[in-house]
Structures are given as structure tokens and as C-alpha cells.
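Below is one structure, written out as C-alpha cells, with a few remarks after it.
The values are calculated or read from the model by the stated rules, or taken from the named source; none is laboratory data. A quick note: this is a predicted structure, and the numbers were derived from the prediction, not measured. Backbone-built Cβ (ideal geometry, glycine too); neighbour counts: all protein chains shown. Heads up: the accessible areas ignore ligands, DNA and RNA and are worked out on the full protein's heavy atoms, side chains in. Shrake-Rupley method; radii C 1.70, N 1.55, O 1.52, S 1.80 Å.
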Amino acid sequence: MNVQQLKYVAVIANSGSFREAAKKLYVTQPSLSHAIKELENELGLTLFNRTNKGITLTEAGVEFLGYTENVLAQFERIENRYLANEESNPHFSIASQHYDFLSIVMSRIIRQFPTYREFRLFESTTLNVIQDVEEYRSELGLILMNDANQNSLERIFEAGELVFSELITFNTHVFMRKDHPLNQKKRLEKADLVAYPQVRFTQETSNYTYYAEDLVDFPELQQVISTSDRATLNGILLGTDAYATGSGIVRGPENHGLVLRPLQGVPRNRIGVIQRKNQPLTAIGTEFLAELTKYLATFKFCEP
């Protein structure tokens, strides 16, 4: 039994047929079938039920796949940690919460590094972003820090041997449709929002709500709408008197039928980058960070 055979099992299970798996693995179907047969003989188990309609995992195969996926995940982590080579395998990955400006910065990097074979922008929750950097899948991670999550995040960073570097501090901004009743005000207070529904963007589980990206939470709220999809959030804002909160670091919100207003009387927030301790950035990582810093510096309205 070897790692290659384990990879074969995982790909076949996810593909539903040897034919499709062979295409994804760039091997011939007979050689793939032979490799699996050898593995089954070695284990003394039948991993797949083979029918004219495709393949399914046997009961033993389901159990074996569970162990296989754990082994492959650890093997990938070892490869990313010790075998990654910027010259021989040019690829670049960052992890981040969802920010519109990342596509702009990443586009600049893609143009500057045309010889790179693969670029990855992994957008997910706070905890997943941290894990992605900790497990060497991404060189950098971009997250939000505020008074609510700072102590917890700092403990996680220390345990994972990560360091956080602040990039920008900003005021919380309120997003709403152009003809919203509060649109006439240039600056808002929390009291102004009490009578209106709040739309929250969150992908975290209920046990970790203090890692969510919503920046305003107070008990006087009359109605809360939670969504994990940005398009849905924008649609609700355009169709109701609801509002959402965010960094305000976005170009042309009016192009989407929205306006933003700074919110007074709430703590300022910070966006920063995390990276592994004692591991210098690659050339592309350094350039990405420089481009990101340059871009964020153009948002002067985020200053006090």
C-alpha cells in the first residue's frame, strides 16, 4: 500500500467511475483498475461495488476512505511544508475573509508573475483562514480583528505559531440602498439603526459568532436577517429598509445601487495579515503584501 494508491481511492470515490477518475489522474483506466485491485488483494477487502452504472463504495470502502482522507490531508501538509519550492513549482495561495478589493490586488499580481502555474484565493471564515495558513496551504491570510475577538485570536496565533501584522484601521460603515430613509444623514449613530432590520453576513457556526464579519451587534435590534451569500445580502438591501455593516473598503458602491455612511460611537476595527513565524515571505508573497498595502492606503475615508 502506498500514498499513490490512497489518492486513487479518494479520486475514484469522488468521481463515481474509474473512467472519470482516470481522466482526472492522467492515467489509463486499465492501470488504475489494476492498482486498485492490487490494493484490495493486499488488504483482503473489496473497496468498490462495480456495476454497469458506475461504482459505489462498499461498507468497508467507506471506512477505509475515512482513514485515507485523513492520511492524505497530513501528507499534503508535509508536502506544503517541506517540498514547496518557488522555482520548481511556482504557485501562490492566500486565504482571506471575503473582501472585494482582493480581486483587484490579485489581478495585479497575476499580471506581474506570468510564469506562475497556479494562483489560489481561498475565501472562507476566520477559523478556516487561520487553519489554511497554519497548515501551509496559503502563504498569507487576511482577517479582521476587533475588541471582541482580539484576545481569542491572539491565543490561536500563539498556539499555531502565527504572527499578525496590522495593515489598516477603519471605521465601521453602514451599507443601505440609495433611497433608504437614513440616506440623508452623512454620519450615523447606533440609535439611528434601531428601527431598521439588519442583514448579517456570516459563515461561522453559532459557537463562534464573535468571529463573524458583522461589526455591529446590539440587543435593541428589531429584526435580523442572516445569510452566507453576498449576492443575497445585496438583494435584501436593495429590496428593503434593511442595512448591513462592513469596512467600507469597496469601490463604487453606488454602481450596485448602494450607499455607505460612517457609523459613530463604535470601536475602530483592524484588517491585518497573518503568516507563519520564522518563515520569510517568497518574492511573490512580498510583492502581494506591497500591492495590498498600497491599495488599502488609497482609502482615506477609513481614517478618523
Q. Where in the chain lies the longest segment free of chymotrypsin sites (Phe, Trp or Tyr not before Pro) that are both loop residues by DSSP (not H, G, I, E, B) and have at most 16 other Cβ atoms within 10 Å?
A. 117-298
Q | Paramagnetic reach from GLN184 (point 7 Å along Cα→Cβ, amide N under 19 Å) across segment 250-284 | A | 259-262
(Q) Need the list of lysines near LYS185 for cross-linking: C-alpha distance under 30 angstrom, and skip anything on the same chain fewer than eight residues off. (A) LYS300
Q. Is the shape of segment 90-148 best called rounded, prolate or oblate, per the rule: a/c under 1.5 gives rounded, else a/b larger than b/c gives prolate, else oblate, with a ≥ b ≥ c the square roots of the Cα gyration tensor eigenvalues?
A. oblate
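For VAL3 and GLN222, calculate 0.36 nm times their separation in residues minus their Cα-Cα distance, and state this gained length in nm to one decimal.
73.4 nm
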**Q.** Additional length obtainable on full extension of the chain from ASN128 to ASN255, 0.36 nm per residue less Cα span
**A.** 42.6 nm
**Q.** HN-Hα J in Hz across segment 56-69 - Karplus 6.51, -1.76, 1.60, θ = phi - 60°, x for Gly and Pro
**A.** 9, 6, 6, 4, 5, x, 4, 5, 5, 4, x, 5, 4, 5
Q. So which lysines pass the test for LYS24, namely a Cα distance under 25 Å, with those fewer than 8 places away in the same chain ruled out?
A. LYS7, LYS37, LYS53
**Q.** Computed over segment 1-84, the ratio Rg/Rh where both radii use C-alpha atoms and Rh is Kirkwood
**A.** 0.98
Q.
If each residue of separation counts as 0.36 nm, what is the full-extension length gain between GLU161 and THR298 once their alpha-carbon separation is subtracted?
A. 46.2 nm
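Indicate the gyration tensor shape class of segment 156-200 (rounded, prolate or oblate), computed on the Cα atoms with a ≥ b ≥ c the square roots of the eigenvalues: a/c under 1.5 is rounded; otherwise a/b larger than b/c is prolate and the rest oblate.
prolate
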Q: Could you tell me which of rounded, prolate or oblate describes segment 1-46, using a ≥ b ≥ c as the square roots of the eigenvalues of the alpha-carbon gyration tensor, with rounded for a/c under 1.5 and, failing that, prolate when a/b is larger than b/c and oblate otherwise?
A: prolate
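With a sphere of radius 13 Å drawn around the Cβ of ARG108, what net charge do the other residues whose Cβ falls strictly inside it have (Lys, Arg +1; Asp, Glu -1)?
On the way: positive: ARG111, LYS294; negative: GLU287, GLU291.
Net of charged neighbours comes to 0.
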Q: Would you pull out the residues with amide H under 5 Å of HIS98's amide H, same chain only if 5 or more places away, H placed 1.01 Å from N?
A: SER124
Q: Could you check what % of the DSSP bridge pairs in the chain are antiparallel, to the nearest 5?
A: 60 percent
Q: Quote the accessible area belonging to ASP132 in square angstrom, nearest 10, computed with a 1.4 Å probe and with ligands, DNA and RNA left uncounted.
A: 10 Å²
Q: Report, in cubic angstrom per residue, the convex hull volume of the C-alpha atoms of segment 94-207.
A: 162 Å³
Q. For the pair GLN264 and THR46, how long in nm is the line joining their label points, each one 7 Å along Cα→Cβ?
A. 7.5 nm
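Determine Rg/Rh for segment 1-146; Rg is computed over alpha-carbon atoms and Rh is the Kirkwood hydrodynamic estimate from the same atoms.
The Rg/Rh ratio comes out at 1.07.
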Q. Which semi-axis lengths, in whole Å and largest first, follow from the square roots of five times the eigenvalues of the Cα gyration tensor of the chain?
A. 44, 24, 18
Q. Taking amide H positions as placed 1.01 Å from N in the peptide plane, with prolines and chain starts having none, which residues 5 or more places from SER138, or on another chain, fall under 5 Å of its amide H?
A. VAL133
